[in-house]
Amino acid sequence: MTFVDDYPEVARLTRWHFAVAFVALALGGFFGLLQALYRTNTLRSLLPINASQYYTVLTGHGVLLALVFTTFFICGFFLWAVTRSLDRPMSNPKLAWLGFGSMFVGTALAAISILNGFAPGLPFDSADVLYTFYVPLKASPAFYVGAALLIVGSWIVGVEYFMMYRDWRRENPDSRIPLQTFMVLTTFIMWYLSTLGVAIEVVVFLIPWSLGWISEIDPLLTRTLFWYFGHPVVYFWLLPGYLAWYTVLPKLAGGRLFSDPLARVVFVLFVLLSTPVGFHHQYVDPGIAEGFKFIAMTNTMMLLLPSLLTAFTVVASLEHGARQRGGKGYLGWLRALPWDKPAFSGMALAGLMFAAGGFSGMINAGMNINYLIHNTLWVPGHFHLTVGTAFALTAMASAYWLYPQLTGKRLQHRRIAMAQPYVWFLGMTLMSNAMHRGGLAGLPRRTAKPLFGDAGAGAFDPVLGSIAEMQLQIAIGGTLLFLGLAMFLVVMLGTWLSRRGAGQLRVNGSIPAPLSGADDGPRVLDNLRLWAAIAVVLVVIAYGLPLWGMIENGILTPGSVPFPT
């Protein structure tokens with residue numbers, strides 16, 4: 001019996017979430033290839049875009065990958081995790097489908113607006129506003145309505161998780177929350193809290209502004225509302241990766257999770273610390289007192305603690321698994337790990353890349369050294385290590401393990417799947433390495449200019465290598481990443497089209513109990529109301545006075561006209 005046999009409705013809805021996620025991944029990945037080649041002047045004359053459309057490509061790449069692919073995959077992945085760990089069906093399937101429908105309609109509206117940049121005859125106006133979409137750049141109202149529907153849809157799906165937990169709790173009043181469900185619920189507490197900012201920004205300001213009902217908007221206030229959401233969303237992307245690393249990866253390694261209580265502590269810390277950090281994206285913005293920027297920096301640095309706890313717990317779990325497989329020595333046990341299993345190698349390589357992303361993130365968070373790399377290629381270099389690998393590669397690796405359970409079909413094209421994580425890892429190593437070094441040289445982000453040769457490289461002084469060499473690495477890395485994406489999609493498409501029952505599945509959904517179980521930790525860790533209340537208090541401390549300072553003279557003052565007008 002597989003998951004699809006026990007819970008066919010959940011499996012079907014999860015597959016639909018994955019289908020939309022993977023279509024967005026394909027289109028967004030293609031935009032990424034165009035972007036890498038155009039920006040580096042590689043075969044530029046042969047590409048089907050011009051300098052203006054580069055920003056359409058940039059917007060599509062960011063929105064489809066950072067918002068659509070992630071949100072759909074996470075909502076489907078969490079639906080599987082809650083169902084499996086509670087061992088019960090959905091409480092209200094219609095509600096869950098309603099959430100999916102809202103996200104789908106929202107995605108369609110936003111995607112049509114973005115694609116209007118290529119084909120102006122499509123419905124709605126264009127939306128070249130990048131994935132950060134804050135003022136003064138203005139998009140079609142359809143784009144903002146679509147963004148709102150995407151978020152509201154995720155809220156609705158999240159309600160289903162809590163309803164399933166409520167029903168389970170009635171039948172199990174004294175039991176500890178199963179770990180995967182605990183991870184899902186804490187992630188969504190953080191998600192509900194953090195998305196309030198962008199919801200207010202979109203519904204109260206951007207939609208009326210785009211419809212012409214109000215002529216000007218306070219850019220500082222709306223930027224603050226965006227970044228209130230803009231950094232916690234990173235943890236919304238990463239925590240599903242943590243769920244996979246804590247609960248699935250040790251099993252794939254042949255062992256068991258080292259400590260359940262440590263995992264719960266990590267997720268509680270993310271609930272408390274994820275949201276009051278957004279000001280570290282606004283170090284150069286005027287109108288915000290330095291003290292509140294310092295609080296945001298401190299909170300951001302404290303987020304290193306759950307990341308370090310994760311590194312310790314996951315590596316200890318992998319070592320336990322490797323030694324169960326005969327691994328010996330201080331580091332020799334690494335050779336005993338199943339590096340030929342695509343689900344394992346993908347997650348392990350994603351975790352390794354995330355460690356590098358954590359170190360570059362410390363530079364972003366520092367108040368003084370942030371000025372060195374602000375708005376340079378360093379930032380997307382860091383972003384591609386975290387979201388572009390820690391999340392994306394983990395999601396693809398999870399799909400290798402989970403999709404057969406959702407369909408009852410054996411994974412196809414296994415040799416391609418075995419090579420795919422390594423192709424992705426190599427491509428990302430080349431591209432992000434060059435982006436980080438380019439950032440140190442001052443190469444700007446978000447520009448269609450190649451900035452080398454006669455195009456202006458003389459203004460930049462690389463610390464190591466040359467600007468031309470960095471651009472070449474970015475082009476090669478981006479091409480390898482697209483090749484890795486195509487390999488993943490071939491495997492998924494082949495599996496989808498295959499016949500059920502043709503060969504025995506190589507995977508099963510059982511997850512062994514941790515070495516140290518939930519009962520080894522204090523029960524207060526399961527008090528979700530307590531952690532949510534403390535998180536709200538921390539947000540009020542971090543944001544209360546600064547926001548009051550911005551709105552005390554009027555919520556639209558000082559105002560900014562839109563661009564384009």
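The values are calculated or read from the model by the stated rules, or taken from the named source; none is laboratory data. Note that the coordinates shown come from a computational prediction; the quantities given were computed from them, not determined experimentally. For neighbour counting, all protein chains shown are included, and Cβ atoms are generated from backbone atoms with ideal geometry for every residue, glycine included. To get the accessible areas, we keep the full protein, side chains included, count just its heavy atoms, and leave off ligands, DNA and RNA. Shrake-Rupley method; radii C 1.70, N 1.55, O 1.52, S 1.80 Å.
Observations on the structure shown:
- Debye log10 I(q)/I(0) for the range 271-330, one point scatterer per Cα, at q = 0.17, 0.23 Å⁻¹: -0.65, -0.88
- Three-way shape label, the range 169-266, alpha-carbon gyration tensor, a/c 1.5: prolate
- About the Cα centre, charge dipole magnitude for the range 172-292 (Lys/Arg +1, Asp/Glu -1 at Cβ), debye: 640
- Separation of the residue 5 and residue 490 label points, Cα + 7 Å toward Cβ, nm: 3.2
- Residue order for 192, 165 - accessible surface, 1.4 angstrom probe, largest first: 192, 165
- Residue separation of residue 174 and residue 192 scaled by 0.36 nm, minus their Cα-Cα distance, works out to 3.8 nm of gained length.
- Solvent exposure of the chain, expressed per residue, is 39 Å² of accessible area, with all protein chains present and a 1.4 angstrom probe.
- Fully extended contour minus Cα-Cα distance, from residue 499 to residue 214, at 0.36 nm per residue: 97.0 nm
- Dimensions of the range 1-114 along the principal axes, based on C-alpha atoms and rounded to the nearest Å, stand at 55, 28, 16, largest first.
- Protection proxy ranking, peptides 168-177, 58-67, average beta carbon neighbours within 10 Å, highest first: 58-67, 168-177
- Taking one quarter of the surface of the convex hull spanned by the alpha-carbon atoms of the range 50-189 gives a direction-averaged projected area of 9.1 nm².
- Carbon-plus-sulfur accessible fraction, the chain (probe radius 1.4 Å, protein heavy atoms only): 68%.
- Rounded if a/c under 1.5, otherwise prolate or oblate - the range 390-437, Cα gyration tensor axes: oblate
- P(r) of the range 145-204 over all Cα-Cα pairs, binned every 10 Å from zero, in whole percent: 20, 44, 24, 11, 1
- Pair-distance distribution P(r) for the range 369-480, from all Cα-Cα distances in 10 Å bins starting at 0: 14, 38, 25, 14, 8, 1 percent.
- Cα centroids of the range 500-565 and the range 20-91: 22 Å apart.
- A Cα-only calculation for the chain places Rg and Dmax at 23.0, 71 Å.
- Highest mean first, the peptides 270-276, 331-337 sorted by other C-beta atoms within 10 Å per residue fall in the order 270-276, 331-337.
- Overall shape of the range 457-560 was characterised from the C-alpha gyration tensor. The equivalent ellipsoid obtained from it has semi-axes of 43, 39, 19 Å, in decreasing order.
- Basic side chains Lys and Arg get +1 at the Cβ, acidic Asp and Glu get -1 at the Cβ, and with that the dipole of the chain about its Cα centre reaches some 1700 debye.
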